[in-house]
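Structure first, then comments.
A short reminder: the numbers here are calculations on the coordinates, not readings from a lab. Predicted model only: the values in this text are computed from it and were never measured. Please note: Cβ atoms are built from the backbone with ideal geometry, for glycine as well, and neighbour counts cover all protein chains shown.
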Amino acid sequence: MTESMSLLRVESLRVAIQAQTGLVEAVADLSFTVEPGETLALVGETGSGKSMSMLALTGLIPVGVAATITGRAMFEGRDLLCMSETQLRALRGRRIGMVFQDPAQALNPLMTVGRQIAEAVAAAGGPKGREIQLLDEVELGAVPGISRRYPHQLSGGQQQRVMIAIALAGDPSLLIADEPTTALDVAVEARILDLLARLKARRSMAMIIVSHDLGVVKRIADRMIVLRNGRAVEVGDTTAVLTTPKTAYTRALMACRPTLADSVARLPTLGVPSPPIIEKRAIQSSRVLLGIHDLQVSYPGVGTLAKPVRAVKGVSFEIREGEALGILGESGSGKSSIARSIVGLVRPSAGEIRFDGALLPDTARLDRSLRRRIQYIFQDPFGALNPRLTLAQLVHEPMLIHGVPANETTIIGLLEEVGLNAGHLSRLPRELSGGQRQRVTIARALALEPELLICDEIVSALDVSVQAQVLNLLKDIQARRSLTLMFISHDIPVVGHMCDRIAVMQDGLIIEIGARDCIIQQPTTAYSREMIALLKR
Amino acid sequence: MMAQLRGISLGIAAEVLRSFAIAVGIVVLTFFLLRMIPGDVVDVIGLEGALTYEQQANLRAEMGLTRSWGEQFWLWLGMIAGGDFGLSSRFAIPVTQLIGAVLGSTITLGLSALTIGICLGIGLPVLAAIYPRSAFVWLAEAITIWSITVPTFSTGIAAVVVFAVWLGMIPAIGNLSAPALILGIDIAGSIAKILREDMKEIESADFIRTARAKGLSRTRIVLAHILPNAMTVTLALVGLIFSNVLTGAITMEIVFGRPGIGTLALQAIKGRDYPLVQTIIIWLGIAVIIANLVADIAQRFVDPRIRLR
Amino acid sequence: MRALYPPGSDPDGRAFVLDESEDRPVAGPTRRFRFPHLRLGTWLGVVIMGAALAIACVGPWISIHDPNDFSSTVNAAPSDIHWLGTDDLGQDVFARLIVGTRLSLVLGTVAALVALLAGTLAALFGMASGRIGNLLVFGIVDLIRALPGVLFALALVVAIEPGTTSVVLALGLAFAPDFARITRASYLQEAARPYVAAAFVFGASPVRIALVHILPNITGALVTQFAIILPRCIVLEAVLSFLGLGVSPEYATWGRMIASASSYTEEAPHVLLAPIVALSVLTFAFAMIGDELRRRFDPARRRIMT
């Protein structure tokens, strides 16, 4: 009986990298196969080795990185790992096509889109003019003058379609897509994934999708592999694995994410079983803590004569004491601008902001006492801490500025409240992980005992498992200190998990606002309906 | 499209205005700075052929040097506005004529050096990038280090020594190839340094990974992807390079004793020849400003991200 | 490329692992001193600098002759008595070279410091004083940069009676714009970072933000610039000396040596070459060190060209 030859057969792949902290095994003993025409997903968090394995297979490991690669990778009968650069180059772009994560960065900014696709076609030995066909295939053919446009003139979705066209230029038998939709909005992501599915079917092409997002995997992959720290932890049919995961890790990975049907107060995490849940006060006072009326925010346009960009076009809402309001919207909807204008990072061009009844005249010059009561947590855990200050200094600073007496005990207390300890006092930010830094940012915000806490995409830059930990922490803190929360995010399940009421923003306006359950179960506007529907698939 | 053109032109207009303001600044600064130097042309003339105090005073009055600085400045401004840069106080010949006589020489030197500089300065890094394991890499590094390490000034003198003393081949004075070559290599070194660094940085950019994933040859990646992106950065430095060429040419002229703007300026400063010095410095400064302006405008047109918003 | 994390220690199947084991820091704990891993060129630079500093300190004691002593033999070739020969006035070249080392280093450092102070303060002042102040200060900065450095310094030295002070001042002013520009650029860059916004939201005063948050984080760029400008000061001083407008005549700087020796290239080339080689070697050392500093402190930033 002849064994049908797999398109790609990887055996005991091992990639060791010389990193700052020593020799690191990015991929350790990974084996899998890909059959012609099937879609395999590699799933894992940061550091799982999923991207590195793909780069190693195609010989695209970045130039400055010293990597040792062992194992076998038989592609169409030949071992990729034994090939020279010239041989690999012949395969890339022809038999194997690749799509990467951030299309804005992945395209040459100085070349028109048409030329970049044509270049790929020429390199693969294709006929001139084929780029028109390719553009049609990725459904960009209808856009007027698309080939003469430059990458920065296209939207994220269009850029990614161009990337896909480039990858398809040589009629590959295998398409490798590394986090193809991570940088895109939810709606766009869905369309790109559908496109990929259609292309795959039409061309009978095999696909390897690398992702951290189980939702993506569910939509498009036939089989999946869960990677953890460079090793395959679970392999199997997508539906099988996702319905009945066999390993604790996979189970935990799936459970970490808040779901829409969530009424769990606390997310399970990959961690020590957490202390008992503190019940939030059920009674909410009716005192309005923050009132926004017809807020408008504009930014000066780019370029000497450009018109100003209206980020927020007239937004009104209230937050009552003790509640958690979620502001939900895609990037560019204006949600961050609202937050920034409340704390004075941006001047509103019109509208009123009232805190505790008092009108805030000019938020850029807020009264000290008011500043204490409103605190803001940034998204970027890597940039939000002064790299030269120790944690002790960082946590002490807000108190120092406001003249609040503080000693080491107070500071240690704050650190412990966020899950760090006294041993971290003399550490510098770069010695902490992303999750730990975010905890420090929270500790700083709490130092002044604020009443209102504005969280701007605070977990978006973190891995799923770490997200869960930080969200749990936040919920505990909110309950313990009776904080009012304004939670901004693009991530619907997270907002659903954290908030009592949700305001949906689109294009600078709030299109819908209401209780969490109402919005999620019965969205009234078409936009929200589409968003929620995409998640349910 | 029209809006975009308007946008760009407004940006350009702003730049032009700024440059003009700086040019004015140069005129003013030069004028008053020179006047601060002790002694004037009459002193210098007086040294040569002993003039009595009375004769000196008369001469000064004749030349208008007794007027207040403010007055002199307005007169000067008026003259320049009319395009008349005055007569050299030493030689009583129109300043423009004196400068014109040597300008050609300086320009030749500058241009030759610039040509060598550009050819080597761009060629070597490109070749080094295409053939990473070849001698080109070593050459590019060497030329970069050379330009950092050895000031043209001392290279020039050493070259004079070498050629004149030991090889006895080329007369040190007046010849073109030696100073042009030395300056050219120096310029090449500074261009190469910037270019190499930029190219290395771009090498790790995402779109180069895409280019590699397309299966393009190394040559094509370097020429079509890395180089254009590196050049847009280098373009911003054209003004600086121009300034360096100018300074270098002047230095070379002084060292090699070659007639040119440099030696002329030196003479003029020593001789307190105000009109000549002022005019030279103003022209040089304006030349640099124009070079910067051209570079700025070129940048706006070359980079599509700026050109089309 | 994302940071890579060392593999966790738990085999599969265990239900619980330590908190945050998946989430690792980018760098290990900062050990107070780690022996630096440098390139060959940089090591060379450091060694040369060390030697130069040593010579500058103990110089006067190790040379046999007094640099200002006239001997009878003029333009002599190197010999046992005069290691590098004598110059046109019979002075010992070696001794003068040594003295010149100290002079050049001191002069260069002082001039570069003047440039640093003048440039940085001017930039900070310009940025703090609103639109007009800004335009004014940086207009002047651009103005000085538009003039060829040599001529500017020349004119300044001549304007303020030639001498050591005027040379130092002229050099300082000629290079101050470079510091001004880099102060401004680095400041603006840091000011755009989230942690500065965070300090603002906490209610920190602009003074506090500048002193505690921004300035400490731009010292790297400034130090790098210092290492680049210092050798330029030394070279410019040499050029000025060559033109007869350097420091007071009793100081035997390399520039002066080059100047006087250039008339005797035929008879005594060694007298000319010695200071030239010394100058080149020192400049090389600074360049290597400056390059390494830049690699460490300015890695991902667009270089502000000087």
Notebook entry, point to check: Which distance in nm do the two modelled labels at A:Ser84 and C:Ser205 give, with both placed 7 Å along the Cα-to-Cβ direction?
Noted result: 7.0
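Taking the Cβ-Cβ separation of C:Ala77 and B:Ala13 as r and a Förster radius of 60 Å, what is the calculated FRET efficiency to the nearest 0.05?
Values: r = 65 Å, r/R0 = 1.08.
Once the sixth-power term is evaluated, E becomes 0.40.
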Notebook entry, point to check: Which Rg and Dmax, in Å, describe the Cα atoms of region A:1-146?
Noted result: 17.8, 54
Next item on the list: Could you check what % of the DSSP bridge pairs in the protein assembly as shown are antiparallel, to the nearest 5?
Entry: 55
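List C:Leu272, C:Leu89, A:Leu60, A:Leu370 from most exposed to least, where exposure is judged by having the fewest other Cβ atoms within 10 Å. Provide the component values of the computation, followed by the final result.
On the way: C:Leu272 26, C:Leu89 13, A:Leu60 19, A:Leu370 16.
Fewest-to-most Cβ neighbours within 10 Å comes out as C:Leu89, A:Leu370, A:Leu60, C:Leu272.
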Notebook entry, point to check: Using the alpha-carbon atoms, what tilt in degrees (0 to 90, nearest 10) does helix A:113-123 show relative to the longest principal axis of chain A?
Noted result: 30
Item checked: nm² value of the averaged projected area, convex hull over the Cα atoms of chain A -> 28.0
Item checked: Net charge over other residues, Cβ less than 13 angstrom from the Cβ of B:Gln267 (K, R count +1; D, E count -1) -> +1
Next item on the list: Treating the angle as unsigned and between 0 and 90°, give the value, to the nearest 10°, between the Cα long axis of helix B:69-81 and the longest Cα principal axis of chain B.
Entry: 60
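Per residue of chain B, what 222 nm ellipticity follows from adding -39500 (n - 2.57) for every DSSP H run with n ≥ 4, rounded to the nearest 500?
Details: 14 runs with 233 residues, N = 309.
Taken over chain B, the calculation gives -25000 deg cm²/dmol.
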Check: Among A:Leu428, A:Asn407, A:Val346, whose Cα lies farthest out toward the positive end of the dipole of region A:340-443, if unit charges sit on the beta carbon of Lys, Arg (+1) and Asp, Glu (-1)?
Finding: A:Val346
Notebook entry, point to check: Can you list, largest first and rounded to whole Å, the semi-axes you get for the protein assembly as shown by taking the square root of 5 times each eigenvalue of its Cα gyration tensor?
Noted result: 62, 36, 30
Next item on the list: Excluding residues fewer than 8 places away in the same chain, name every one of the aspartates and glutamates whose C-alpha is closer than 20 Å to that of B:Lys193.
Entry: B:Glu141, B:Glu201, B:Glu203, C:Asp178, C:Asp291, C:Glu292, C:Asp298
Notebook entry, point to check: Relative contact order for chain B: what is it in percent, counting Cα pairs under 8 Å that are at least 6 residues apart?
Noted result: 27
Note to self: How much length would be gained if the chain were fully extended between A:Val288 and A:Ala142, taking 0.36 nm per residue of separation minus their Cα-Cα distance, in nm to one decimal?
What the structure shows: 47.5 nm
Notebook entry, point to check: ³J(HN,Hα) across region A:233-241 via Karplus (A = 6.51, B = -1.76, C = 1.60, θ = phi - 60°), whole Hz, x for Gly/Pro?
Noted result: 9, 8, 10, x, 4, 4, 4, 4, 4
Checklist line | Qualifying aspartates and glutamates (Cα of each under 15 Å from Cα of A:Lys313; at least 8 residues distant if same chain) | finding: A:Asp294, A:Glu352, A:Asp507, A:Glu512
Margin query: Using Cα-Cα distances under 8 Å and only pairs 6 or more residues apart, what relative contact order does region A:469-537 have, in percent?
Written below: 18
Note to self: Can you give me the orientation-averaged projected area of the convex hull built on the Cα atoms of region B:208-309, in nm²?
What the structure shows: 9.6
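Using 1/(1 + (r/R0)^6) with R0 = 25 angstrom and r between the beta carbons of A:Leu535 and A:Glu352, what's the FRET efficiency to the nearest 0.05?
Values: r = 35 Å, r/R0 = 1.39.
Calculated transfer efficiency: 0.10.
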Next item on the list: Quick one: order A:His293, A:His497 by neighbouring beta-carbon count within 10 Å, fewest to most.
Entry: A:His293, A:His497
Margin query: Please compute the modelled spin-label separation between C:Ile132 and B:Asp84, points set 7 Å along Cα→Cβ, answer in nm with one decimal.
Written below: 3.7
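Taking the number of other C-beta atoms within 10 Å as the exposure measure, put A:Thr441, A:Thr243 in order starting with the fewest.
Working: A:Thr441 29, A:Thr243 9.
Arranged by neighbour count, lowest to highest, A:Thr441, A:Thr243 become A:Thr243, A:Thr441.
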Next item on the list: Could you please state, rounded to a whole Å, how far the C-alpha centre of region A:33-96 is from the C-alpha centre of region B:240-263?
Entry: 56
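What is the sum of charges, Lys and Arg at +1 and Asp and Glu at -1, for the other residues whose Cβ falls under 12 Å from the Cβ of C:Gly126?
On the way: positive: C:Arg131, C:Arg181, C:Arg184; negative: C:Asp142.
Local charge sum for C:Gly126: +2.
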Notebook entry, point to check: Taking θ as phi - 60°, what are the ³J(HN,Hα) couplings along region B:234-239 by the Karplus curve (6.51, -1.76, 1.60), each to the nearest whole Hz, with x for Gly and Pro?
Noted result: 5, 4, 5, 9, 4, x
Notebook entry, point to check: Can you list the lysines whose alpha carbon is less than 22 Å from that of B:Lys214, not counting same-chain residues fewer than 8 positions off?
Noted result: A:Lys50, A:Lys128, A:Lys200, B:Lys200
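How long is the gain from A:Glu11 to A:Thr68 if the chain were fully straight, where each residue apart is worth 0.36 nm and the alpha carbon distance is subtracted? Numbers along the way, then the final one.
Details: separation 57, 0.36 × 57 = 20.52 nm, distance 1.54 nm.
Taking A:Glu11 through A:Thr68 to full extension adds about 19.0 nm, to one decimal.
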Check: How far apart, in nm, are the 7 Å Cα→Cβ label points at A:Asp517 and B:Leu223?
Finding: 6.9
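Given a Förster radius of 30 Å and the C-beta distance between C:Val58 and C:Leu117 as r, what FRET efficiency does 1/(1 + (r/R0)^6) yield to the nearest 0.05? Mind dumping the intermediate values first?
Values: r = 29 Å, r/R0 = 0.98.
The pair C:Val58/C:Leu117 has a calculated efficiency of 0.55.
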Notebook entry, point to check: Any idea which of A:Gln158, C:Leu117, C:Leu151 is furthest toward the positive side of the dipole for the protein assembly as shown, if Lys and Arg beta-carbons carry +1 and Asp and Glu beta-carbons -1?
Noted result: A:Gln158
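Work through the residues other than A:Gln158 whose Cβ is under 10 Å from its Cβ and net out their charges, Lys, Arg +1 and Asp, Glu -1.
Numbers: positive: A:Arg149, A:Arg161; negative: A:Glu139.
Net of charged neighbours comes to +1.
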Check: In chain A, what % of DSSP beta bridges are antiparallel (nearest 5)?
Finding: 55
